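Structure, as structure tokens:
The values are calculated or read from the model by the stated rules, or taken from the named source; none is laboratory data. The structure presented is a predicted model; accordingly, all values stated were derived computationally and were not measured. Cβ placement follows ideal geometry from the backbone for every residue including glycine, while neighbour counts extend to all protein chains displayed. To get the accessible areas, we keep the full protein, side chains included, count just its heavy atoms, and leave off ligands, DNA and RNA. Shrake-Rupley method; radii C 1.70, N 1.55, O 1.52, S 1.80 Å.
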Amino acid sequence: MLAEEVFALGLGLTPPWLVTSQSLDTEKSPSELHLEIGADRGAHYPCPKCGISCKAHDFKEYTWRHLNFFQHHCYLKARVPRIKCPEHGIRRVDVPWAREGSKFTLLFEQVVMSLVREMPVKAVSRHVEVTDKRLWRIVRHYVSQAIERLDLTSLRAVGLDETSSKRRHKYITVFIDLDRDDKPVIFATEGRGKECLKEFCRFIKAHGGHPANVREVVCDMSPAFLAAAKENFSSAAVTVDWFHVVQLFTTAVDQIRRSEAKSRQMPKGARWAVLKALETPRTAHQEDALQELVESGFATAKAFRVKELLRWFRKAETKQAAKWRATHFMRHVNEYVGDDPLLEPIKKALGTFEKHLPRILNRWNSLYTNARLEGLNGLFQAARARARGYRNAANFITMVYLIAAPIQLVVNA
């Protein structure tokens, strides 16, 4: 069997295509194997639109990077014809080894898409010896193609939150289908304002759903998110996620600890002693620190008690009981913190809590939480850290989809 026939079998070529010649350039490093692909003179080619067999009209030469052949870089070269179809006119034919517009074979792209699920694109770039910019074009193509196939006709409950895409307050907003048990991300966009929800509504409509079908939106206390949710999802109940309520008071506790540390010597281990929940295991240093904070009358200890009192409110069994507890919680905290200027962050958090109480109380009628989205944010940031950041938001969004969207990547190799 001739070498050209072996290569043709390996590439899976079908008539009229065949390997016409092969050459190995050892002067380059790494060395390059070039395979010429062509067809017999007078061969007919199928119209890319209707499939009818047509004669070639003219030719243009193209080159594609293929998988390595042993240690050699492999390139395919072919003169690709245009045909003149009686119905569709002059059109460039499709080649079976590569997609239209790509400079890589389908087998090469298939390997790249398998690798980027397991390692950063930059690492894949070093492995296959192709620049990461070129690889990102491959990844974005197949991910966006898969996202276009999403069916949102049954979308009824949505969770949303922002996650950092770069330093200097650069964010993307991620939307999840709260009814999906696995890979719930359905949309992500750059920014974190009202326009993000408008884009999401357009996305829903383009994929068979409608904002009017959404019955609940779960988000944080961002004024922009809340206003946009009310405007764009008029039929939905807007619920403030409990995670963000706890985060609000936890942030206040940490602000007070840092302010107090400027004027008083804080016990060793004080930071994590007050950031952890009361029932969470602590180290011996943290236990001692918490006890000293309480016994010595630190303002941080007062703030910690307020944060822990939230649990009493959250354990209410009904919405009515929660409303009653919220009233007593706010009254008690106002009396407890008094006029101490160090406790101003707690007072501010309490004001925010009171402002959003109706949406917080929706938690007692809801079956949903954004806890999974917060967990996913951890995965997204871990991926960003492994990649040492992404060149732009589009790449980060592509990776978010790759990690957590319910998509099937189809590479027809």
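For this structure, a couple of remarks:
- Across LYS49/LYS122; LYS268/LYS302; LYS122/LYS170; LYS194/LYS355; LYS133/LYS170; LYS205/LYS230, pairs whose alpha-carbon gap is larger than 28 Å: LYS49/LYS122
- HIS57 long-range amide H proximity, modeled H, under 5 Å: ARG82, ILE83, LYS84
- 0 to 90° range, to nearest 10: angle between helix 284-295 axis and the chain longest Cα axis: 40
- Among VAL128, VAL139, ASN365 - extreme Cα towards positive end, dipole of the chain, charges at beta-carbon: ASN365
- Reachable lysines, given that their alpha-carbon falls under 17 Å from the alpha-carbon of LYS307 and they are not under 8 places away in the same chain: LYS276, LYS315, LYS347, LYS348
- Local charge for VAL128 was computed over the other residues whose Cβ lies under 15 Å away, with Lys and Arg +1 and Asp and Glu -1, and equals +3.
- For the stretch 91-137, a simple Cβ point-charge model (Lys and Arg +1, Asp and Glu -1, everything else neutral) yields a dipole of about 200 debye relative to the Cα centre.
- Loop-resident sites, the stretch 66-167, for trypsin sites (Lys or Arg not before Pro), counting at most 15 other Cβ within 10 Å (DSSP): LYS103, ARG117, ARG149, ARG156, ARG167
- For the stretch 93-194, the list of GluC sites (Glu not before Pro) that fall in a loop by DSSP and count at most 16 other C-beta atoms within 10 angstrom reads GLU100, GLU118, GLU129.
- Whole-Å distance, taken between Cα centres, linking the stretch 59-93 and the stretch 191-218: 41
- Close amide H pairs (under 5 Å, H built 1.01 Å from N) link ALA237 with GLU216, VAL217, residues at least 5 positions away or on another chain.
- C-alpha long axis of helix 194-206 to longest principal axis of the chain, angle in °: 50
- Nearest-10 value in Å² for the accessible area of SER125, using the 1.4 Å probe: 20
- Distances between placed amide hydrogens fall under 5 Å for ARG99 paired with LEU106, all partners being 5 or more residues away or on another chain.
- When ASP40, ASP340, ASP220, ASP179 are compared by accessible area at a 1.4 angstrom probe, the order from most to least is ASP40, ASP179, ASP340, ASP220.
- DSSP-assigned coil residues among GluC sites (Glu not before Pro) in the stretch 285-353, each with at most 12 further Cβ atoms within 10 Å: GLU317
- Helix 242-261 and the longest principal axis of the C-alpha atoms of the chain enclose an angle of approximately 60°.
- Considering only the Cα atoms of the chain, their convex hull presents on average a projected area of 28.4 nm².
- With protein chains left intact and a 1.4 Å probe, residues in the stretch 9-80 average 61 Å² of accessible area per residue.
- Positive-end residue of LEU350, ALA321, CYS85, charge dipole of the chain with Cβ unit charges: LEU350
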